[in-house]
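Encoded as C-alpha cells, the structure appears first; notes follow it.
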Amino acid sequence: MNNFILYQIDDDIKFYLVLSEFIDNQSLFSIFKQIKILKSITENCYVPSDFSLKFVQRFPSLTDIELQVYSFDDCIYAIDILLSHLKNLSYLKIYYIEVSLLDHSFSLNYIINKRRQAFGFNIIDEHKITINRNKESVEIRLS
C-alpha cells in the first residue's frame with residue numbers, strides 16, 4: 001500500500017502525492033520548497049522514521065505538519081528532527097500506534113531548549129506553546 005501526502009502551497013492549491021515515488025524526484029524540489037502544510041495520515045500506512053530528515057531537506061518552508069508513524073520511538077525521533085530543523089514550524093501533530101517502554105514528557109522546557117539550540121533565543125514565544133499528548137498522538141503548537 002502506498003503512503004499518500006496531502007500538501008498545500010496556499011489556501012487554494014492542494015495536491016496529493018505518493019511518498020515513495022515523488023519525495024526523491026529532483027524535478028519537484030523547487031515545488032517542495034514552497035510547501036507550507038504537509039499531512040500524511042492514511043490508514044495502515046506510516047511514514048518511516050528515516051524520512052524525517054528528508055522532510056526537512058525537501059520541505060524547508062513547512063509550518064504545519066501532521067504525520068503518522070508506527071511507534072512512539074519513531075515519534076520522538078521525528079519531533080526532535082522537525083523541531084530542530086524547521087525554523088517556521090508552528091504546528092506539529094504526530095500519530096503513532098505502538099506505545100514504547102520509554103517515556104518522554106515533551107515538556108515546555110524541552111521544546112523551548114530544542115528550538116533555541118537550533119535557532120537562537122528569539123525564535124519562540126514560550127507563552128504561546130501548547131503540548132498535548134495522549135495514547136495515540138503528540139501535538140505541539142508553537143504559535
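The values are calculated or read from the model by the stated rules, or taken from the named source; none is laboratory data. From a predicted model like this one, the values you see are computed outputs, not experimental measurements. So basically every Cβ, Gly included, is an ideal-geometry build from the backbone, and we count neighbours across all protein chains shown.
Tabulated values for the structure
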| item | result |
| --- | --- |
| Matching residues in the range 119-143 - criterion: being without any contact (Cβ under 8 Å) to a residue 40 or more places away in the chain and either more than 21 Å from Glu66 (Cβ to Cβ) or among the basic types (Lys, Arg) (or both) | Phe119, Gly120, Phe121, Asn122, Ile123, Asp125, Glu126, His127, Lys128, Arg133, Lys135 |
| Residues (touching a helix residue (DSSP H, G or I) at 6+ places or on another chain (Cβ under 8 Å), over 11 Å from Arg115 (Cβ atoms) and not aliphatic (A, V, I, L, M)) located in the range 76-93 | Tyr77, Asp80 |
| Matching residues in the range 69-98 - criterion: being hydrophobic (A, V, I, L, M, F, W, C) and under 15 Å from Ser49 (Cα atoms) | Val69, Phe72, Cys75, Ile76, Ala78, Ile79, Ile81, Leu82, Leu83, Ile94, Ile97 |
| Residues satisfying the stated conditions in the range 95-115, i.e. at pLDDT 85 or above and either more than 14 Å from Asp80 (Cα to Cα) or exposed (fewer than 15 other Cβ atoms within 10 Å of the Cβ) (or both) | Tyr95, Tyr96, Ile97, Glu98, Ser107, Leu108, Asn109, Asn113 |
| Candidate set: the range 26-53, residues that are at pLDDT 85 or above and polar (S, T, N, Q); chosen: the one surrounded by the most Cβ atoms within 10 Å (Cβ to Cβ) | Ser52 |
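Yes or no, residue by residue, for (1) modelled with pLDDT of 75 or more; (2) surrounded by fewer than 18 Cβ atoms within 10 Å (Cβ to Cβ):
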| position | (1), (2) |
| --- | --- |
| Tyr16 | no, yes |
| Asp24 | yes, yes |
| Phe55 | yes, no |
| Asp64 | yes, yes |
| Tyr70 | yes, yes |
| Tyr77 | yes, yes |
